[in-house]
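The structure under discussion appears below in the form of structure tokens.
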């Protein structure tokens, strides 16, 4: 079996919206870092928004005084029957508009009102977009940020430090086309491997059967359920 060994400062597992966002932020704060994205499909059309969307689910419109982070916290708290980390939700609320502005700068067409010039809304929180190319646009920014994107590699295990079993130092995976093995060593490993279906402990009965990450060694995710419905760039996975 062919074994490929790759060292990185930052290893990002998953090339969906979360993984792309992680790559962009890592490059923003670490200009000289070696950043590797490992994606089981192809980063241009992977993840929950692979085929595009017709709207961005949350935009506060703070530039036009439409909503505030406090309004957003009240909405999420009501929607989730009070079971929520309000500090985390507030942090999402205060950053989400700037993420949408970035998408527009990168080329995402956001529909605007001809009368006001503001983003056209559907309901209080959503803004309408021509989102057929939503993921390729975001993926292009991630590819510019990353040192290398490795497509078609399925990560199966996280590697632990032999002296500290609470510390992840890399990952192991396999090429889904030719079966070759990849061994990644990294100073930082970011697990951004999907929308977490059947990982979180749900508020309803009989929905979701697992309480831990899909990879051996992943952190316990049961307390992060409250952020799943928001489907936003800064959400915890």
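Among what's in the range 64-84 and is touching a residue at least 60 places away in the same chain (Cβ under 8 Å) and loosely packed, with under 15 Cβ neighbours inside 10 Å, pick the residue that is nearest to residue 157 (Cα to Cα). Don't jump to the end; show me each part of the working.
Within the range 64-84, the subset touching a residue at least 60 places away in the same chain (Cβ under 8 Å) is 76, 79-81, 83-84.
Among the residues that remain, those that are also loosely packed, with under 15 Cβ neighbours inside 10 Å are: 79, 81, 83.
Working: 79: 35, 81: 36, 83: 32 Å.
This residue is 83.
For the range 113-120, state whether one or more residues are in contact (Cβ under 8 Å) with a residue 60 or more places away in the chain and over 21 Å from residue 55 (Cβ atoms). Show your work before the answer.
Restricting attention to the range 113-120, the residues satisfying the condition of being in contact (Cβ under 8 Å) with a residue 60 or more places away in the chain are 119.
Still in the running and over 21 Å from residue 55 (Cβ atoms): none.
So far as the range 113-120 goes, no, none of its residues is in contact (Cβ under 8 Å) with a residue 60 or more places away in the chain and over 21 Å from residue 55 (Cβ atoms).
Inspect the range 19-27 for any residue being free of Cβ contacts under 8 Å to residues at least 24 places away in the same chain, under 17 Å from the mean Cα position of the chain (by Cα) and closer than 13 Å to residue 190 by Cβ and give the result as yes or no.
yes
Looking at residue 99 and the list (1) surrounded by 15 or more Cβ atoms within 10 Å (Cβ to Cβ); (2) over 15 Å from residue 25 (Cβ atoms); (3) out of contact with any strand residue (DSSP E or B) (no Cβ under 8 Å at 6 or more places or on another chain), which single condition is not satisfied?
The failed condition is (2).
If you scan the range 27-52, which residues turn out to be farther than 24 Å from residue 175 by Cβ and surrounded by fewer than 19 Cβ atoms within 10 Å (Cβ to Cβ)? Before the answer, list the steps.
From the range 27-52, those farther than 24 Å from residue 175 by Cβ are 27-33, 49, 51-52; that's our starting set.
Across the range 27-52, the qualifying residues are 28, 29, 30, 31, 32, 33, 49, 51, 52.
Considering only the range 2-12, I want to know if a residue exists there that is out of contact with any strand residue (DSSP E or B) (no Cβ under 9 Å at 6 or more places or on another chain), outside any strand (DSSP E or B) and on the phi < 0 side of the Ramachandran plot. Break it down stepwise before answering.
In the first step, residues of the range 2-12 are kept if they are out of contact with any strand residue (DSSP E or B) (no Cβ under 9 Å at 6 or more places or on another chain); the result is none.
Looking through the range 2-12, none of the residues is out of contact with any strand residue (DSSP E or B) (no Cβ under 9 Å at 6 or more places or on another chain), outside any strand (DSSP E or B) and on the phi < 0 side of the Ramachandran plot.
Testing residue 61 on (1) surrounded by 17 or more Cβ atoms within 10 Å (Cβ to Cβ); (2) modelled with pLDDT of 95 or more; (3) on the phi < 0 side of the Ramachandran plot, one condition comes back false. Which one is that?
Of everything listed in (1) surrounded by 17 or more Cβ atoms within 10 Å (Cβ to Cβ); (2) modelled with pLDDT of 95 or more; (3) on the phi < 0 side of the Ramachandran plot, residue 61 misses just condition (3).
If we scan the range 78-86, do we find a residue that is at negative phi and modelled with pLDDT of 95 or more? Explain how you work it out, then say what you get.
Residues of the range 78-86 that are at negative phi, as a first pass: 78-80, 83-86.
From what is left, the residues that are modelled with pLDDT of 95 or more are none.
No, the range 78-86 contains no residue that is at negative phi and modelled with pLDDT of 95 or more.
Can you list the strands (runs of 3 or more DSSP E) found entirely within the range 113-186 that contain at least 1 residues being in contact with a helix residue (DSSP H, G or I) (Cβ under 9 Å, 6 or more places away or on another chain) and either farther than 21 Å from residue 23 by Cβ or at pLDDT below 95 (or both)? Show your work before the answer.
Values: elements: 126-131, 148-151, 153-161, 164-175.
Because the criterion is at least 1 residues that are in contact with a helix residue (DSSP H, G or I) (Cβ under 9 Å, 6 or more places away or on another chain) and either farther than 21 Å from residue 23 by Cβ or at pLDDT below 95 (or both), the strands (runs of 3 or more DSSP E) in the range 113-186 that meet it are 126-131.
Within the range 24-48, which residues are assigned to a helix (DSSP H, G or I) and either at pLDDT below 95 or in contact with a helix residue (DSSP H, G or I) (Cβ under 9 Å, 6 or more places away or on another chain) (or both)?
Across the range 24-48, the qualifying residues are 24, 25, 26, 27, 28, 43, 44, 45.
Could you grab me the full set of residues in the range 86-98 that are in contact with a helix residue (DSSP H, G or I) (Cβ under 6 Å, 6 or more places away or on another chain) and in contact (Cβ under 8 Å) with a residue 40 or more places away in the chain? Talk me through it step by step, then tell me what you get.
Taking the range 86-98 as the starting set, the residues that turn out to be in contact with a helix residue (DSSP H, G or I) (Cβ under 6 Å, 6 or more places away or on another chain) are 86, 89-90, 93-94, 97.
Residue satisfying the conditions is 89 alone.
The values are calculated or read from the model by the stated rules, or taken from the named source; none is laboratory data. This is a predicted model, so every value here is computed, not measured. A quick note on method: Cβ atoms are made from the backbone with ideal geometry, for glycine too, and the neighbour counts reach across all protein chains shown.
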